[in-house]
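Just so it is clear, none of the values below were taken in a lab; they were calculated from the coordinates. Every value quoted in this text rests on a predicted model; they were computed, and no experiment measured them. Backbone-built Cβ (ideal geometry, glycine too); neighbour counts: all protein chains shown.
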Amino acid sequence: MARLRTARLARSAKPFLARGGPRGERCPGCRLVPSHCVCSLHPVVPTRAGVCLLMADIEPLKPSNTGWLIADVVPDTLAFGWARTEVDPALLALLADPQWQPYVVFPGEFVAPERVVTEVACADASAAKRPLFILLDATWPEARKMFRKSPYLDRFPVLSLQPEQISRYQLRRSRRDDHFCTAEVAGLCLDLAGEPQAAQVLQTYLDVFTHHYLQAKHQLPPDWQGEAHQRLAQALGRTARA
Ligand SMILES: [Zn+2]
């Protein structure tokens, strides 16, 4: 993950500078402006589940991409750039690793019914395999193309999130800028994997990040005692920083 981030940032250094100039300076840890940095709050939760992000090429360039937040919270997060014509051998090795049971997270209505599951079979801590959630981190048209044109994913079950989960997610999402979706989907997956605390921490960390991101955008200071911070502290079992 860190390697991908570094490589992408190197490639994107020019557009970044061109857009913001020196005033567009970003924390390399959280991609926010330094005055709104959330790195001091960065939670790590040990999880059985892993996350595999397949990113449409442009995605890693965006500071608001929430894939980074998943990597911050879930230690076993791996990210790969997606291309139609080539597959990273490291991705194929990951998918073939017997410790993982991969699930492709995608809407079930676009998939042959026999592939679709709504529950995570290896959620039990005693299960032989750990769930690995494959998230297509892209716009919806890109995600559909990635799904269709990645034959190496065809052998895995498709985890389809349920309407009531989606509606909760859309309700939350409507309050946000675009591209605040992948981390929420990962949160729902962690819930299904029987890891509610990790799901809570990820979702509340996303709320904290969103708060800082929007405050920075509107040139207002972050509220370190605000609602989002309180909920993150609660999820982590400690009080918000003074
Ligand atoms: Zn930071």
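Put in line by how crowded their Cβ is, counting other Cβ atoms within 10 Å and starting with the fewest, Asp72, Asp88, Asp191, Asp137 read Asp88, Asp191, Asp72, Asp137.
Computed from backbone phi with θ = phi - 60° and the Karplus coefficients 6.51, -1.76 and 1.60, the 3J(HN,Hα) list for the range 186-197 is 4, x, 4, 5, 4, 4, 5, 7, x, 10, x, 5 Hz; x is used for glycine and proline. With neighbours defined as other Cβ atoms within 10 Å of a residue's Cβ, the residues Thr139, Thr182 order from fewest to most as Thr139, Thr182.
Overall form of the range 66-158: rounded. Here a/c, set by the Cα gyration tensor axes a ≥ b ≥ c, is under 1.5.
Going from the residue with the fewest nearby Cβ atoms within 10 Å to the one with the most, Glu227, Glu184 rank Glu227, Glu184. Across the range 208-224, rounded Karplus estimates of 3J(HN,Hα) from the backbone phi angles (6.51 cos²θ - 1.76 cosθ + 1.60, θ = phi - 60°) give 4, 4, 4, 4, 5, 4, 6, 4, 4, 4, 8, 6, 10, x, x, 9, 5 Hz, Gly and Pro being marked x. Using 0.36 nm per residue and subtracting the Cα-Cα separation, the extra length available between Asp88 and Ala125 on full extension is 10.3 nm. The string of couplings for the range 133-145 from the Karplus curve (6.51, -1.76, 1.60, θ = phi - 60°) is 8, 8, 10, 8, 8, 6, 5, 4, x, 5, 4, 4, 5 Hz, one whole number per residue in order, with x for Gly and Pro.
Near the amide H of Leu78, within less than 5 Å, lie the amide hydrogens of Val51, Cys52, Leu53, all on another chain or at least 5 residues away, with H placed in the peptide plane.
Between Glu227 and Arg115, take the C-beta separation as r, use R0 = 45 Å, and let me know the FRET efficiency to the nearest 0.05. Once rounded, the FRET efficiency stands at 0.65.
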